[in-house]
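The values are calculated or read from the model by the stated rules, or taken from the named source; none is laboratory data. The shown structure was predicted, so the numbers you read here are calculated from the model rather than taken from an experiment. Note that we place each Cβ from the backbone using ideal geometry, even for glycine, and neighbour counts take in every protein chain shown. Each accessible area value is taken on the protein alone, full model and side chains, heavy atoms only, with ligands, DNA and RNA left out. Shrake-Rupley method; radii C 1.70, N 1.55, O 1.52, S 1.80 Å.
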Amino acid sequence: MHKSIYYTSSLSLVVGTILCAAPAMAETEFVTDVAVGVGASTNPYLESGPVESTASGSISVAPRLRITEAATTFNLRGFARIEEYERDFRANNSFGVNGSVEHGLSERTEIRGRLGYRGSIVGVNDDFFNPPDVIDDNFLPPIADDIALNGLNQRRHSFQAGVGLSHSFSALDSISVDAGATAIRFADSAVQDEFNSFNQSIGYSRILSDRTSIGASAGFNQINYLGQRTGDSSIISPALNITHQISEDFTISASAGVSFARSKNLVGSTKSTDFSGSFDICRDKENNQLCFGASRQTLPTSFDGVRSQTSFNIGYSHKLNRDDNISLNGSYSRSSNSVSGISDDFDYLRTSVTYNHKFQERFTGFVSFGYSDSYQDAISRKANAQVSIGIRLTFGNNR
């Protein structure tokens, strides 16, 4: 425990020092989105058993700050969302902040640092709100959706820190090294497990042509569950990667590898081997964007230890005219293959469609429809269908 605290404190101190070194004299952009809306949901927390539909009102604030100079880029993004329900539901309050800095030591070498925090209730469709409660995590270690906790109304707090370095040996070859730490805590940890994880990775990339690059990477993740020996795990994940630009607006990237996991149990340890990889294909045109992605990873969770997480995502946006646009998002996730082998598989589906109309340059109205459902053997849940309507104001300045 003391060793884990030491590593977390040391890494946070390093990243904090980097973040505080943001340039004083530079180009500055500060923008804040404020959204107010009303809506209705059939089962906002995906609770089991009979649930009555409810109306709600919400307000969200999403500020972002960007400071750039010749060799340094500093970003700070955040969100705060409060949603109150008409019926006797727990208030859906979500908060998050993420700060990063990238600094070029030379033409070939760059260092970076990032800190992040998010607090939200597991299983709420936050990612599809307007504006979405999403912060770019970039090179921070991925956090599992933990869909096994859907319907339990558990508020999860995630704390993350990361540092990294990239170096180009030539115009064609480069290497990157990253280290990160994640701490998962809950307001009430009676059901779920809290843990710390420490992640290190190294990657190599080579440009084959002006459209194609290949590479290889290897990651190591050490997970320590609090207050228990069972579940403590180590994961090694080597992979091969490729990125190819099919055309000017069409890009594909993929990785394939294996995850080797070893977890402690009551009588010793359990080993597992599983496929890991990802696939993304995106088309970015002037008036519309389409992206499809799929991934499979072995990740620590707060229910039944280390598990495989498989996900499929699709996003589409289309600019109808100067003032109107529509966006569609969908994702399907499965949590399976727990190393301990105790629990069953869990599935989670969520979709949304949003229409935006710009009344003025900084004044936008929106209508959003969403659907989400969680599937688990022996547990019956009513799906959540939601609709919301509201306005979004943008404040800020560029300097």
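Meeting the requirement of 2 or more residues that are hydroxyl-bearing (S, T, Y) and touching a Lys or Arg at 6+ places or on another chain (Cβ under 8 Å), the strands (runs of 3 or more DSSP E) wholly within region 290-382 are 306-319, 324-336, 363-375.
Taking the criterion of being free of Cβ contacts under 8 Å to residues at least 40 places away in the same chain, open to solvent by less than 40 Å² (accessible area, probe 1.4 Å) and under 21 Å from T394 (Cα atoms), the only residue of region 48-64 that qualifies is G57. Filtering D324, D274, D280 for residues that are open to solvent by less than 50 Å² (accessible area, probe 1.4 Å) and at pLDDT 95 or above leaves a single hit, D324. In summary, H167 fulfils each of the numbered conditions (1) modelled with pLDDT of 95 or more; (2) open to solvent by 30 Å² or more (accessible area, probe 1.4 Å); (3) within 25 Å of the chain's Cα centre (by Cα); (4) not aliphatic (A, V, I, L, M) with the single exception of condition (3). Here S170 does not qualify as of a type in the set (S, T, N, Q), out of contact with any helix residue (DSSP H, G or I) (no Cβ under 9 Å at 6 or more places or on another chain) and within 20 Å of S237 (Cα to Cα). V38 falls short of the stated requirement of being within 22 Å of the chain's Cα centre (by Cα), at pLDDT 90 or above and either open to solvent by 40 Å² or more (accessible area, probe 1.4 Å) or not charged (D, E, K, R) (or both).
Residues of region 263-278 being part of a strand (DSSP E or B) and more than 21 Å from S295 (Cα to Cα), which ones? Correct list: S263, K264, S269, T270, K271. Under 7 Å by Cβ, and 6 or more places apart or on different chains, what pairs join a residue from region 228-248 that is closer than 22 Å to T270 by Cα with one that is open to solvent by less than 70 Å² (accessible area, probe 1.4 Å) and part of a loop (DSSP other than H, G, I, E, B)? Between residues of region 228-248 that are closer than 22 Å to T270 by Cα and residues that are open to solvent by less than 70 Å² (accessible area, probe 1.4 Å) and part of a loop (DSSP other than H, G, I, E, B), the close pairs are T230/N265; G231/D193; G231/G305; S233/G305; S233/V339. Checking the structure you have, find out if any residue of region 87-100 is open to solvent by less than 60 Å² (accessible area, probe 1.4 Å) and charged (D, E, K, R). No, the conditions are met nowhere in region 87-100. Only a single item in (1) open to solvent by 70 Å² or more (accessible area, probe 1.4 Å); (2) in contact (Cβ under 8 Å) with a residue 24 or more places away in the chain is not met by S335, and it is number (1).
The single condition among (1) at pLDDT below 85; (2) under 25 Å from T298 (Cβ atoms) that P131 does not meet is (2).
Of the set (1) within 30 Å of K264 (Cβ to Cβ); (2) open to solvent by 60 Å² or more (accessible area, probe 1.4 Å), all apply to K285 but (1). Total residues in region 247-271 satisfying the condition of being surrounded by 12 or more Cβ atoms within 10 Å (Cβ to Cβ) and acidic (D, E): the figure is 1. When residues in region 260-306 are screened for being over 19 Å from A239 (Cβ atoms) and touching a Leu at 6+ places or on another chain (Cβ under 9 Å), 7 of them pass.
Within the set S372, S380, the sole residue that is more than 26 Å from P63 (Cα to Cα), among the polar types (S, T, N, Q) and surrounded by fewer than 19 Cβ atoms within 10 Å (Cβ to Cβ) turns out to be S380.
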